[in-house]
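To start, the structure under review is shown below, and the notes come after it.
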Amino acid sequence: MSAVLMDGKGLSAQIKEQVRAHVEGMPQRPGLAMVLVGEDPAAQVYEAGKRKDCKQCGIYYETYRLPYEVSQEELVEVVQLLNQREDIDGILIQFPLPEHLDDRAVQLAIRPDKDVDCVNPSNVGDLILGVDSFRPCTPAGVMRLLNEYHIDPAGKRCTVVGRSNIVGKPQAMLMLLQDATVTVCHTKTANLKEECQRADILITAAGKTGLITGDMVKEGAVVIDIAINRDEQGKLCGDVVFDQVAPKASYITPVPGGVGPVTRAVLMENTLAAARRHGKG
Ligand code: NAP
């Protein structure tokens, strides 16, 4: 078997075009603000991507760049200011924050109706309860990719590698909400290989180059690689050893060009949804 390559770039372009067309007809355009603390080079790259996406979709965008030493009070003040502004519908904060800052307090400070990456505990609770609300962009992007390729999680065994609050856990929850039977793996999992081999749908978000090898994947499995790593040559790659896994899988995402672009497009969709909630049409 040779896997179908899941085209995240193509799906992302489609989603962004739908957002752009909707925004064009709105009397007031949606607005997104991103808050960056410190000078992490990777975060600067994400920021540039978001700026570009917003421009493409007709969404107003601005960035708050705060110094690494910013205090908790100053950061929360910025969030509260954004909460109050009518031109800003979505607020995105680059987590994790430096150690002296309290992620949770900042997550709680974001108004739930502007929480476009679903980090406020009230939105996380809605996600677990299956209440319609914002979905975190990366796991929601994975669900969009599965849907695009008519892959129905219902009744399938799904293994998620990774249990972070922003990727692994919500991913497992979204698969469960779509009736998959879900196993979540982490660094203390006793036999990762066995857990992966069982999966009809294997979703990996460990951030470890070379973690998922060919012998860990069942023939015909759907393999979704969320990770964004660098290999020894500095090239972008995921957790999956692509050359070994692709011949066994039925569908597989490339890195780059798989989950990443869809994540970005879902952020545009969530910002539009926030603006509509705010009565912008
Ligand atoms: P994270 O907070 O570091 O979490 C990694 C998770 O993987 C942890 O739960 C960890 O287990 C588990 N893990 C690590 N090594 C493992 C191993 N050898 N065996 C089994 N489990 C292992 O990272 P994250 O924020 O969730 O991000 C994960 C990856 O996704 C990163 O590569 C990141 O760059 C990428 N990412 C991509 C997108 C996108 O748009 N495509 C968005 C966000 C993140 P423990 O809990 O036991 O430590």
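Taken together, the values in this text are just the output of simple stated rules run on the coordinates, not laboratory data. Because the structure is a prediction, the values reported are computed rather than measured. Quick reminder, even Gly has a Cβ in these numbers, built from the backbone with ideal geometry, and neighbours come from all protein chains shown.
Give me the orientation-averaged projected area of the Cα convex hull of the chain, in nm², one decimal. Show your work: numbers first, answer last.
On the way: hull surface 57.8 nm².
Average projection, Cα convex hull of the chain: 14.5 nm².
Would you mind classifying the range 136-260 by shape? Square roots of the alpha carbon gyration tensor eigenvalues, ordered a ≥ b ≥ c; an a/c under 1.5 is rounded, otherwise it is prolate if a/b is larger than b/c and oblate if not.
On the way: a/c = 1.29, a/b = 1.23, b/c = 1.05.
Rounded, because the longest to shortest axis ratio a/c is under 1.5.
Kindly express, to the nearest 10 degrees and within the range 0 to 90, the angle between helix 8-24's C-alpha long axis and the longest C-alpha principal axis of the chain.
Here the helix axis deviates by roughly 30 degrees.
Could you work out the relative contact order of the chain, using alpha carbon pairs under 8 angstrom and six or more residues apart, expressed as a whole percent? Walk me through the numbers on the way to the answer.
Values: 563 pairs, mean separation 68.8, N = 281.
Averaging sequence separation for qualifying contacts and normalising by length gives 24 percent for the chain.
Relative to the first principal axis of the alpha-carbon coordinates of the chain, what is the inclination of helix 72-84, with its axis defined by its Cα atoms, in degrees from 0 to 90 and to the nearest 10?
With rounding to tens, the tilt is 80 degrees.
Rule-of-thumb check for the range 181-230: C-alpha Rg over 2.2 N^0.38 Å? Show your work: numbers first, answer last.
On the way: Rg = 10.4 Å, N = 50, 2.2 N^0.38 = 9.7 Å.
This ratio for the range 181-230 stands at 1.07.
Taking the radius of gyration and the Kirkwood hydrodynamic radius from Cα positions alone, what is the Rg/Rh ratio for the range 188-281, to two decimal places?
The Rg/Rh ratio comes out at 1.12.
Residue by residue, what Karplus-based ³J(HN,Hα) values in Hz, rounded to whole numbers, does the range 243-255 have, using 6.51, -1.76 and 1.60 with θ = phi - 60° and x for Gly and Pro?
5, 7, 7, 3, x, 9, 7, 8, 9, 8, 9, x, 10
Would you mind working out the magnitude of the charge dipole of the chain relative to its Cα centre, with +1 at each Lys and Arg C-beta and -1 at each Asp and Glu C-beta, to the nearest 20 Debye?
Details: 31 positive and 37 negative charges, 113 e Å.
So the dipole magnitude of the chain works out to roughly 540 debye.
Separation between the residue 276 and residue 44 pseudo-spin-labels, each 7 Å from Cα along Cα→Cβ, expressed in nm?
3.7 nm
What number, in percent, do you get for the relative contact order of the range 28-111 if the mean sequence gap of Cα pairs under 8 Å and at least 6 apart is divided by its residue count? Kindly include the intermediate steps, with their values, before the conclusion.
Values: 103 pairs, mean separation 35.0, N = 84.
Once divided by the residue count of the range 28-111, the mean separation gives 42 percent.
What value does the range 28-111 have for Rg/Rh, both radii from Cα atoms and Rh as Kirkwood defines it?
Working: Rg = 12.7 Å, Rh = 13.2 Å.
Reported Rg/Rh (Cα atoms, Kirkwood Rh): 0.96.
Provide the FRET efficiency to the nearest 0.05 for the residue 28-residue 189 pair, computing r from the beta carbons and using R0 = 45 Å. Show your work: numbers first, answer last.
On the way: r = 48 Å, r/R0 = 1.07.
Once the sixth-power term is evaluated, E becomes 0.40.
Quickly estimate the mean residue ellipticity at 222 nm for the chain, helices only: each DSSP H run with n ≥ 4 gives -39500 (n - 2.57), and the total goes over all residues, rounded to 500.
Computed mean residue ellipticity for the chain: -12500 deg cm²/dmol.
Any chance you could give the angle, 0 to 90 degrees and rounded to 10, that helix 168-177 forms with the longest Cα principal axis of the chain?
80 degrees
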